[in-house]
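Please treat every number below as a calculation from the coordinates, not as lab data. Nothing here was measured: the structure is a model prediction, and the numbers come from that model. Here the Cβ is made from the backbone with ideal geometry for all residues, glycine too, and neighbour counts use every protein chain on show.
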Amino acid sequence: MSQRVLLVHGWGGSDFPHWQSWLASEIAKEYGTVQFLHFTNVDTPKLDVWSAELLEALESFKPGIVICHSLANTLWFHLCNTTALSEIQKLYLVAPPSMQCKVPELAEFFPVQTPTQLYSKESLLISSTNDPYISMNEIKSLKKELGIEMKVLENAGHINVESGYGEWPWILESLQGKSS
């Protein structure tokens, strides 16, 4: 894999056996270049801290592909709304929460405006039919507002370990150009 891949976790992190940690190891096994960003205070996220840390990773690592999970999508949206980012080749937005999320610990991240620019040549929104953090109506609306493609997984919950996503071969195959 020739592209540099940046993995960006959400609230609580994505430590093993989460699919993001699995994916990082699979990319490394193939001699790919990957950075698995680990935010400060994963359990008590601060928008300004996480924004600065993501901007630093984007500047120093210069990824071609960024894969966001959960709250990382919201963080990406905030950066798109406030910062002129360098354009990347591909952006994966996996399991974004509702744009109006009401989790008290995450209050400073919400609400968030849908960005008009994602700073990516290609973008893919990935959601589940039964994600507890966003309804199908909300995700369909977000897809329409962003104007990007969407992949919907059947009964995949929040696309995390609790819903069976430790190993996730599809995402690796997608990065390798082997799936659609």
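Positive-end ranking of 114, 148, 2 along the dipole of the chain, with charges on Cβ about the Cα centre, is headed by 148.
Comparing 92, 133, 31 in a Gaussian network model of the chain where C-alpha atoms under 10 Å apart are linked, the largest mean-square fluctuation is found at 31. Would you compute the Debye intensity of the range 69-159 from its alpha-carbon atoms alone, equal scatterers and no solvent, and pass along log10 I(q)/I(0) at q = 0.16, 0.22 Å⁻¹ to two decimals? Relative scattering, expressed as log10 I(q)/I(0), comes to -0.59, -1.13. Each listed q (0.10, 0.11, 0.15, 0.17 Å⁻¹) maps to a log10 I(q)/I(0) for the chain from the Debye sum over equal C-alpha point scatterers, namely -0.34, -0.41, -0.82, -1.10.
Using only helices, what value at 222 nm comes out for the chain when you add -39,500 (n - 2.57) per DSSP H run of length 4 or more and divide by the total residues, to the nearest 500 deg cm²/dmol? So the calculated ellipticity at 222 nm is -9500 deg cm²/dmol.
Put simply, the amide H of residue 18, placed in the peptide plane, has no neighbours under 5 Å, leaving out anything fewer than 5 places away on its chain.
If each Cα of the range 4-52 is one equal point scatterer, what is log10 of I(q)/I(0) from the Debye formula at q = 0.21, 0.22, 0.24, 0.31 Å⁻¹? After summing over all Cα pairs, the log10 values are -0.72, -0.77, -0.86, -1.13. Taking the range 53-80 and a reference point 7 angstrom along Cα→Cβ of residue 46, the backbone N atoms nearer than 15 Å belong to 53-54. Structure remark: mean-square fluctuation, Gaussian network model of the chain, C-alpha springs under 10 Å; the largest value among 70, 123, 135 belongs to 135.
Report the charge-dipole magnitude of the range 6-175 in Debye, nearest 20, computed about the Cα centre from +1 at each Lys and Arg Cβ and -1 at each Asp and Glu Cβ.
Values: 10 positive and 20 negative charges, 81 e Å.
Charge dipole of the range 6-175: 380 debye, to the nearest 20.
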